[in-house]
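Have a look at the structure below, then the notes.
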Amino acid sequence: KGMFDTAVAHDAVTLSLWVYGGATQPAQDSVFWAGSQPDGGGTRSLNAHLPWSDSVIYWDTGCCDPGLHRISVGVPDATRWKGRWNHYAFLKQGDSKRIFWNGTLLAEGKNTENLNAIRSFFLGSGAGGTSTYHGRIDDVAIWDKALNAAQIQALASGASPLEIRRY
């Protein structure tokens, strides 16, 4: 069993990353995408738009019913993300989902659908390299559990993901 199998079995995952919003943001792109088939096909398992062309950050764990798979938050002030580095963390733990921005809870919601199988993972794009992200991405870490707020704040303050493993 791999880490993604454990995440699916526990219905819990955390994705942490630093993102520099590109000059063309917002755009119709994905910062990461995971699917149920090894070739990137099948059911969407994980996806984040940071932000989509409508200036909304979407955090999906499936497709695309807001009650079952998605939480979102509008971020219309482009100066918050465009042309600067920000830390984001996307968490799912059972029915609870959260988005953190620079260590602060930005959005929270309930989704009742469990995680789907994860057999492919694309960083900086959607499935198969489509919807390429037009910014920069650094210090990506993925856990098969939901980190707590103190751990997210430590990452946003510059702690190494390896340091978080000791919590």
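The values are calculated or read from the model by the stated rules, or taken from the named source; none is laboratory data. A quick note: this is a predicted structure, and the numbers were derived from the prediction, not measured. Ideal geometry is used to build each Cβ from the backbone, glycine not excepted, and the neighbour counts take in all protein chains shown. The protein model used for the area step is the full one, side chains on, heavy atoms only, and it has no ligands, DNA or RNA in it. Shrake-Rupley method; radii C 1.70, N 1.55, O 1.52, S 1.80 Å.
Assigning unit charges at the beta carbon (Lys, Arg +1; Asp, Glu -1) and nothing else, what dipole magnitude in debye, to the nearest 20, does region 1-83 show about its Cα centre?
Numbers: 5 positive and 8 negative charges, 34 e Å.
In total the dipole reaches around 160 debye.
Calculate, axis by axis, the spread of Cα positions in region 9-80 along the three principal axes, and write the results as whole Å, longest axis first.
38, 27, 20
Over region 125-167, with every protein chain in place, what whole percent of the accessible area is carbon and sulfur at 1.4 Å, could you tell me? Could you put the intermediate results ahead of the total?
Values: 1090 of 2450 Å².
That share works out to 45 percent.
Averaged per residue, what accessible area in Å² does region 64-167 show with a 1.4 Å probe, protein chains only? Don't skip to the end; give the middle numbers.
Details: 5300 Å² over 104 residues.
I get 51 Å² per residue for this part.
Just reorder 140, 31, 56 by solvent-accessible area, largest first, 1.4 Å probe, all chains present. Mind showing how you got there, number by number?
Numbers: 140 60, 31 0, 56 25 Å².
Largest accessible area first, the residues go 140, 56, 31.
Can you give the log10 of the normalised intensity I(q)/I(0) at q = 0.20 Å⁻¹, computed with Debye over equal Cα scatterers of the chain?
Treating every Cα as an identical point scatterer, log10 I(q)/I(0) equals -1.43.
Just give me a number: lysine pairs in region 1-129, eight or more positions apart or cross-chain, with C-alpha atoms less than 25 Å apart.
5
Please compute the contact order of region 43-157 in relative form: average sequence separation of alpha-carbon pairs under 8 Å and at least six residues apart, divided by the residue count, as a percent. Before the final figure, lay out the partial values.
Working: 178 pairs, mean separation 24.4, N = 115.
That works out to 21 percent.
Under a crude label model (7 Å from the Cα following the beta-carbon direction), how far is residue 138 from residue 73 in nanometres?
2.3 nm
On the full set of protein chains, 1.4 Å probe, figure out the accessible area of residue 80 and give it in Å² to the nearest 10.
Accessible area of residue 80: about 70 Å².
Find, to one decimal place in angstroms, the Kirkwood hydrodynamic radius of region 87-130, where the mean of 1/r is taken over every pair of different Cα atoms and then inverted.
Numbers: mean 1/r = 0.0816 Å⁻¹.
Result for region 87-130, one decimal place: 12.3 Å.
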